[in-house]
Ligand code: MN
């Protein structure tokens with residue numbers, strides 16, 4: 001099966017790459033060696049190389065060597081490498097074949113039990129990779145690698161999927177200050193980051209796959225190498241003072257086209273603010289108290305240009321709230337120190353304390369503008385549901401959309417255009433609101449769009465005062481929008 005090294009030589013310019021040039025194949029000297037390189041190239045992958053007939057027979061394994069017989073991994077057969085490559089590690093310069101860093105993930109010897117053109121059975125004796133494996137050809141250069149021994153970690157918990165983020169209720173600062181950690185409330189998009197070897201996956205709080213919208217967060221996956229990790233945090237964009245700007249984020253969050261995203265990424269890069277660790281190396285951490293999850297998160301030391309682990313502070317909530325107000329931040333989140341992570345629940349362990357009232361509201365219509373905005377959008381007519389879909393199902397009556405007022409400020413030219421574009425196809429003749437009626441000049445729309453609105457207070461009749469538009473959200477379904485407050489029902 002061993003090919004000559006001509007293919008290896010042809011792909012490389014040895015004046016530029018530090019990789020060894022191919023020498024004449026050498027004879028076997030008894031014991032077979034192997035190396036697994038962790039190759040951070042255009043995509044992170046692992047290269048398995050087995051000494052055989054004087055060369056290194058090689059496969060690229062995108063997800064790494066499987067540690068469980070239940071999951072076979074793809075292994076793409078690549079060109080033979082010279083034996084000298086077995087100790088090679090270093091950086092292959094940009095513009096060269098395989099540009100990126102090549103590190104030794106593991107090395108050692110192996111015993112070959114079977115070596116055929118289309119199947120190899122062997123036992124690895126490495127530091128990290130040990131045990132009996134089969135490599136078999138499926139089609140052309142595509143092979144699979146299968147672990148034949150029992151799982152390395154039989155107690156391993158399955159990698160989680162579709163975690164609905166834990167929620168915080170809106171309330172005042174808790175009285176028993178010392179039982180809580182206080183964190184800045186980041187003004188962005190809640191996102192769960194799933195990292196498996198070579199495979200990042202990001203989901204919004206309504207479980208939409210948003211991975212391709214944030215290409216700058218792919219690199220976080222490389223930091224974890226072969227580890228399995230699930231994080232919770234908030235995707236933000238920062239202004240020139242380094243403070244989160246929901247308005248800037250607006251210019252990123254509605255882009256779906258790859259080249260537009262790549263262009264925007266340069267002037268408005270995302271920063272993922274990481275505040276929780278839900279799964280690590282085969283163990284769910286969600287049942288652990290906040291303090292233990294946080295301690296393990298700190299150990300990962302996740303701080304780079306596009307991700308940070310902001311600090312938290314135990315006690316002194318009032319001081320932190322005041323500081324957040326002074327900096328123009330939205331508020332803080334109090335998290336009870338002994339609280340486990342309860343997905344999708346607003347159970348009371350987490351409390352958001354806001355400097356201003358602010359929440360999502362459903363757009364049910366719009367009013368035409370006057371003066372220089374005449375004929376165009378003047379104000380959004382917004383509302384919220386009386387209860388959650390779950391509660392509505394429980395009581396056996398449909399949800400009611402309640403009118404909450406009109407929002408006529410806070411727009412930019414860009415948001416006005418975006419809103420007009422989004423509202424047009426949603427037009428309908430009748431009002432989507434129940435109960436109290438909106439202004440009769442309202443142009444009604446299907447209640448699908450969710451607007452983030454800041455306001456001074458709720459009036460006794462249930463409308464908002466001095467509202468200002470902050471942005472459109474896509475990460476929350478309109479039917480889950482209810483009035484936030486201390487007496488809000490749990491979702
Ligand atoms: Mn490679």
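I want to confirm something. Restricting to the range 92-115 and keeping residues that are in a loop (DSSP other than H, G, I, E, B) and in contact (Cβ under 8 Å) with a residue 12 or more places away in the chain, which single residue is nearest to the ligand (Cβ to nearest atom)?
Going residue by residue through the range 92-115, those that are in a loop (DSSP other than H, G, I, E, B) are 93-99.
Right, trim to in contact (Cβ under 8 Å) with a residue 12 or more places away in the chain and you get 93, 95-99.
Details: 93: 15, 95: 16, 96: 12, 97: 9, 98: 5, 99: 10 Å.
So, considering only residues that are in a loop (DSSP other than H, G, I, E, B) and in contact (Cβ under 8 Å) with a residue 12 or more places away in the chain, the one nearest to the ligand (Cβ to nearest atom) is 98.
Would you check if residue 80 is in contact (Cβ under 8 Å) with a residue 12 or more places away in the chain, within 16 Å of the ligand (Cβ to nearest atom) and farther than 26 Å from residue 202 by Cα?
It is true that residue 80 is in contact (Cβ under 8 Å) with a residue 12 or more places away in the chain, within 16 Å of the ligand (Cβ to nearest atom) and farther than 26 Å from residue 202 by Cα.
Suppose the filter is more than 16 Å from the ligand (Cβ to nearest atom), assigned by TED's automatic domain parsing to the domain that holds residue 333 and over 30 Å from residue 476 (Cα atoms); does residue 175 pass it?
In short, yes.
For the range 248-366, list the helices (runs of 4 or more DSSP H) that sit wholly inside it and hold at least 2 residues that are closer than 16 Å to residue 184 by Cα and touching a residue at least 40 places away in the same chain (Cβ under 8 Å); which are they? Steps first, answer last, please.
Working: elements: 258-267, 290-300, 317-326.
Filter on the range 248-366 gives 290-300, 317-326.
One residue is enough: does the range 438-446 have a residue meeting the conditions surrounded by fewer than 13 Cβ atoms within 10 Å (Cβ to Cβ), closer than 28 Å to residue 173 by Cβ and in contact with a strand residue (DSSP E or B) (Cβ under 7 Å, 6 or more places away or on another chain)?
There is no residue in the range 438-446 that is surrounded by fewer than 13 Cβ atoms within 10 Å (Cβ to Cβ), closer than 28 Å to residue 173 by Cβ and in contact with a strand residue (DSSP E or B) (Cβ under 7 Å, 6 or more places away or on another chain).
Could you tell me whether any residue of the range 407-415 is part of a strand (DSSP E or B), in contact (Cβ under 8 Å) with a residue 24 or more places away in the chain and more than 18 Å from residue 476 (Cα to Cα)? Break it down stepwise before answering.
Initial filter on the range 407-415 (part of a strand (DSSP E or B)): 407.
Within this subset, residues satisfying the condition of being in contact (Cβ under 8 Å) with a residue 24 or more places away in the chain are 407.
Next, from what is left, pick out any that are more than 18 Å from residue 476 (Cα to Cα): 407.
Yes: one or more hits.
Table: residues versus (1) in contact (Cβ under 8 Å) with a residue 24 or more places away in the chain; (2) in a helix (DSSP H, G or I); (3) surrounded by fewer than 16 Cβ atoms within 10 Å (Cβ to Cβ).
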| position | (1), (2), (3) |
| --- | --- |
| 380 | yes, no, no |
| 397 | no, no, yes |
| 417 | no, yes, yes |
| 429 | no, no, yes |
| 448 | yes, no, no |
| 451 | yes, no, no |
| 469 | yes, no, no |
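Can you pull out the residues in the range 129-142 that are closer than 28 Å to residue 153 by Cβ and without any contact (Cβ under 8 Å) to a residue 40 or more places away in the chain?
The answer is 130, 131, 132, 134, 136, 138.
Counting only residues that are part of a strand (DSSP E or B) and more than 9 Å from the ligand (Cβ to nearest atom), how many does the range 36-47 have? Please lay out each step first, then the result.
To start, the set of residues in the range 36-47 that are part of a strand (DSSP E or B) comprises 36-40, 44-47.
Filter once more, keeping what is more than 9 Å from the ligand (Cβ to nearest atom): 36, 38, 40, 44.
Residues meeting the conditions: 4.
So which of 278, 243 is surrounded by fewer than 17 Cβ atoms within 10 Å (Cβ to Cβ) and either more than 15 Å from the chain's Cα centre (by Cα) or under 30 Å from residue 37 (Cα atoms) (or both)?
So the residue among 278, 243 that is surrounded by fewer than 17 Cβ atoms within 10 Å (Cβ to Cβ) and either more than 15 Å from the chain's Cα centre (by Cα) or under 30 Å from residue 37 (Cα atoms) (or both) is 243.
Condition test on residue 89, is it in the same structural domain as residue 20 (by TED's automatic domain parsing), within 15 Å of the ligand (Cβ to nearest atom) and surrounded by 17 or more Cβ atoms within 10 Å (Cβ to Cβ)?
no
Being more than 16 Å from the ligand (Cβ to nearest atom) and at pLDDT below 95: is that true of residue 135 here? Write out each step before concluding.
Details: more than 16 Å from the ligand (Cβ to nearest atom): yes; at pLDDT below 95: no.
The answer is no for residue 135.
I'd like the residue in the range 48-77 that is in a strand (DSSP E or B) and touching a helix residue (DSSP H, G or I) at 6+ places or on another chain (Cβ under 9 Å) and, out of all such residues, is nearest to the ligand (Cβ to nearest atom).
Applying the filter and picking the extreme gives 58.
The values are calculated or read from the model by the stated rules, or taken from the named source; none is laboratory data. These numbers were taken from a predicted model, which means no experiment stands behind them. Heads up, the Cβs are rebuilt from the backbone with ideal geometry, glycines too, and the neighbour counts pull from every protein chain shown.
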